[in-house]
1. Which of (1) touching a helix residue (DSSP H, G or I) at 6+ places or on another chain (Cβ under 6 Å); (2) closer than 22 Å to residue A:171 by Cα does residue A:62 not meet, given it meets every other one?
2. Looking at A:86, A:66 in this structure, which one is under 22 Å from residue A:223 (Cα atoms) and out of contact with any strand residue (DSSP E or B) (no Cβ under 8 Å at 6 or more places or on another chain)?
3. Residue under question is residue A:86, and the condition is that it be surrounded by fewer than 19 Cβ atoms within 10 Å (Cβ to Cβ) and touching a residue at least 40 places away in the same chain (Cβ under 8 Å); does it hold?
4. I need the full set of residues from segment B:154-200 which are within 14 Å of chain A (Cβ to nearest Cβ), within 16 Å of ligand 2 (Cβ to nearest atom) and under 19 Å from residue B:121 (Cα atoms), in order please.
5. Can you pull out the residues in segment B:28-41 that are away from chain A (no Cβ under 14 Å) and either within 16 Å of ligand 2 (Cβ to nearest atom) or crowded, with 22+ Cβ neighbours inside 10 Å (or both)?
6. Just wondering, is there one or more residues in segment A:113-131 that are facing another protein chain (nearest Cβ under 9 Å) and crowded, with 19+ Cβ neighbours inside 10 Å?
7. Does segment B:31-81 hold any residues that are within 8 Å of ligand 1 (Cβ to nearest atom) and over 17 Å from the mean Cα position of the chain (by Cα), and which are they?
Ligand SMILES: Nc1ncnc2c1ncn2[C@@H]1O[C@H](COP(=O)(O)OP(=O)(O)O)[C@@H](O)[C@H]1O
Ligand SMILES: [Mg+2]
């Protein structure tokens with residue numbers, strides 16, 4: 001028995017491209033995500049439902065402005081929604097991939113490892129954009145939010161969104177390694193998320209009402225800065241007195257903190273990411 | 001390259017802490033052969049196979065799989081390898097067709113996904129979600145994913161554990177048809193003796209990390225050369241004789257009894273006898 005006469009032996013064939021495979025993986029990830037009811041409910045629909053509920057509960061107009069409590073909530077919930085679509089979603093998704101054998105199966109194929117991450121990026125971007133659109137649509141329909149027409153605000157939105165998505169994604173990927181099993185991963189991801197949402201002034205509004213130590217803790221993490229950045233896009237400047245620093249939107253600082261988390265998050269990922277599950281040594 | 005072995009292992013050793021899971025084993029699997037690594041649970045089969053697949057690192061010895069060291073081999077090496085893991089619970093929300101199509105994309109020269117699905121008998125389930133498949137169907141899907149890249153070497157780790165006997169037989173048919181047609185080399189692990197016997201050209205028995213026998217199914221444990229046992233009853237008393245030439249013994253007896261020998265029986269040790277003796281003869 002010789003393999004030479006087998007028709008598929010020599011002729012070096014073209015390697016499938018990592019970028020193309022990554023895009024295909026993105027499609028597959030999205031299909032899996034939207035078919036899994038739990039994930040859709042908890043990571044995608046929850047921020048939208050919370051906005052609908054809290055927005056209907058919170059009453060009043062902030063002094064010196066025309067902003068209602070519900071309108072104030074909208075940009076903050078966008079930030080929370082993006083964090084959910086990135087940090088929570090990736091943390092849980094990768095934790096499960098490690099636990100159910102997805103990573104192991106992929107490692108046994110010639111898939112370039114970058115294709116796996118590119119697939120996650122595609123998924124996270126699409127879900128984050130859908131989340132933003134969903135929350136804004138709700139804000140416009142229920143709470144009379146008006147979308148900015150001025151281009152500079154949309155430029156601000158874009159960079160805050162991109163830096164926020166990247167930073168929270170890296171942190172989610174890094175955090176996925178913390179869970180010991182697939183069962184615990186949801187708890188491991190949701191607890192820090194809910195705590196961060198509180199100390200970042202997402203549910204407790206306005207943010208300046210937060211007790212000082214909590215506000216300080218929130219200011220360390222990207223969520224607070226993303227929320228503040230989005231408020232600067234969707235709310236008039238007359239709301240500034242309700243911010244912690246009441247004189248400026250602190251765009252420079254926002255970019256700096258989010259950028260630092262992007263770099264730090266990447267380093268954390270590289271240091272902690274495990275392709276192997278616990279049984280493989 | 002033509003006739004170089006698909007797998008060559010010398011002195012492979014793997015420890016988990018103090019425990020030696022694989023103890024200096026040697027294996028040679030020529031291209032085109034179906035090789036079974038047979039042994040009870042905990043013998044070290046998965047450990048061995050996962051080292052050859054590049055999943056785990058070894059502690060000692062030499063390993064060459066398709067001419068490369070799996071610990072260092074790259075993406076191209078994986079083009080030639082198909083893997084069916086002992087257990088998998090991933091992919092649940094995708095359909096069978098989506099899954100096989102997707103995995104085909106990773107290879108430069110894949111097989112036609114629909115054809116592979118037909119080969120493993122899942123055409124009817126092609127549009128079902130993986131989570132809706134039965135255990136046996138899932139295993140067939142794992143095989144489909146393992147062979148869609150058109151591998152030269154296929155690893156199957158306990159592919160039929162938990163199957164009922166009929167499903168197991170069907171699965172053997174599947175493996176035979178998938179493998180024979182293309183001359184794929186196969187390394188199969190199993191703890192079912194009949195499975196090794198049904199599928200393999202060669203069987204190695206692994207017990208507590210050591211290879212205790214390595215031969216063709218027919219001559220396993222010296223079975224082909226083993227003496228036959230001729231037994232008969234002499235006035236109600238059970239008598240027996242071991243012999244290399246049972247024919248001569250029977251001729252003798254026939255002459256002695258002047259015709260029919262009462263209760264005459266000729267037996268050789270069955271493969272099962274040999275296997276049980278081999279796995280029992282090691283340790284306590
Ligand atoms: N990742 C691991 N860590 C520690 N011990 C292990 C690990 N994998 C296997 N073992 C031990 O090594 C031995 C061989 O296991 P394994 O290779 O899975 O055997 P088999 O596949 O033949 O049932 C067993 O005693 C098992 O408990
Ligand atoms: Mg095993």
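The values are calculated or read from the model by the stated rules, or taken from the named source; none is laboratory data. Note that the coordinates shown come from a computational prediction; the quantities given were computed from them, not determined experimentally. Glycine gets a Cβ as well: all are built from the backbone with ideal geometry, and neighbour counts include every protein chain shown.
1. The one condition residue A:62 does not meet is (2).
2. Numbers: A:66 fails: under 22 Å from residue A:223 (Cα atoms).
None of the other options fit; the residue is A:86.
3. no
4. Matches in segment B:154-200: B:156 only.
5. B:36, B:37, B:38, B:39, B:40, B:41
6. Residues of segment A:113-131 that are facing another protein chain (nearest Cβ under 9 Å), as a first pass: A:115.
Keeping just the survivors that are crowded, with 19+ Cβ neighbours inside 10 Å gives A:115.
For segment A:113-131, residues facing another protein chain (nearest Cβ under 9 Å) and crowded, with 19+ Cβ neighbours inside 10 Å: present.
7. Across segment B:31-81, the qualifying residue is only B:56.
For (1) closer than 25 Å to residue B:24 by Cβ; (2) surrounded by fewer than 22 Cβ atoms within 10 Å (Cβ to Cβ); (3) at the interface with another protein chain (Cβ under 7 Å from one of its Cβ atoms), each residue gets a yes or a no:
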{"site": "B:52", "(1), (2), (3)": "yes, no, no"}
{"site": "B:63", "(1), (2), (3)": "yes, yes, no"}
{"site": "B:68", "(1), (2), (3)": "yes, yes, no"}
{"site": "B:71", "(1), (2), (3)": "yes, yes, no"}
{"site": "B:89", "(1), (2), (3)": "no, yes, yes"}
{"site": "B:97", "(1), (2), (3)": "no, yes, no"}
{"site": "B:103", "(1), (2), (3)": "no, no, yes"}
{"site": "B:109", "(1), (2), (3)": "no, yes, yes"}
